[in-house]
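The values are calculated or read from the model by the stated rules, or taken from the named source; none is laboratory data. If you're wondering where the values come from, they're calculated on a predicted model, not measured in any experiment. Reconstructed Cβ throughout: ideal geometry from the backbone, glycine too, with neighbour counts over all protein chains shown. The accessibility values were calculated without ligands, DNA or RNA, using every heavy atom of the protein model including side chains. Shrake-Rupley method; radii C 1.70, N 1.55, O 1.52, S 1.80 Å.
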Amino acid sequence: MKLGLLILLACLHLASAAEKSTRPAIRGDEAFKNEVRHAIDRGLAWLQNDQNTNGWWSTPDHPALTALPVMAFNGDPSKRFGRLPFMTNAYAHILRSVKPNGGIFGTNLPTYNTAVSMMALVSANNPAYDPVLRKARGYLVSLQSDFAEKGKPDDVFDGGIGYGTKYEHSD
């Protein structure tokens, strides 16, 4: 009886917590919403002004450093950046970094650059990027470690993946 009551109370607590988690943290606080909107606008304006004319941010050798701002713009709640020219330039830079084997990188960190660039291309929600994404996925899968018997998960390091192909096991 006590165990049943304890289980019932636990279920009610979990249901209550789940219901509370779906409510907005701050209801009707327009000042707070405006502060957040202003902070987002300032950050995105800074990023837009900091982009190189060739479409990349920070360095052309790391398309991931372009992909991160792209995801920030695509995550903007207003969706006002869409296909503006500076975004088109950013996508073009990422696509220029695609290798014949499917990797998306410049000179190093192929795993990191490919994975983050894939997230940016996915965030574009553009079916034209699907072939690039499929090939990049295959590239990342090919980098997974498989030590002992190939095709069987028989080693603790099997399935791991590192930042590149330099090390014998994942990071």
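Within the stretch 50-64, the set of residues being open to solvent by less than 60 Å² (accessible area, probe 1.4 Å) and assigned to a loop (DSSP other than H, G, I, E, B) comprises 51, 52, 55, 56, 57, 59, 60, 62, 63.
Taking residue 87, is it closer than 22 Å to residue 130 by Cβ, under 18 Å from the mean Cα position of the chain (by Cα) and open to solvent by 40 Å² or more (accessible area, probe 1.4 Å)? No; evaluated as a whole, the condition is false for this residue. Restricting 31, 67, 39 to those that are farther than 30 Å from residue 114 by Cβ, at pLDDT 90 or above, under 24 Å from the mean Cα position of the chain (by Cα) and assigned to a helix (DSSP H, G or I) reduces the list to 39.
Check whether at least one residue in the stretch 78-85 is part of a helix (DSSP H, G or I) and in contact with a helix residue (DSSP H, G or I) (Cβ under 8 Å, 6 or more places away or on another chain), and report yes or no. For the stretch 78-85, residues part of a helix (DSSP H, G or I) and in contact with a helix residue (DSSP H, G or I) (Cβ under 8 Å, 6 or more places away or on another chain): absent. In the stretch 86-114, what residues are part of a helix (DSSP H, G or I), under 21 Å from residue 53 (Cα atoms) and of a type in the set (Ser, Thr, Tyr)? 88, 91 - these are the residues of the stretch 86-114 that are part of a helix (DSSP H, G or I), under 21 Å from residue 53 (Cα atoms) and of a type in the set (Ser, Thr, Tyr). The condition of being at negative phi and open to solvent by less than 30 Å² (accessible area, probe 1.4 Å) holds for only one of 115, 72, 124, that being 124.
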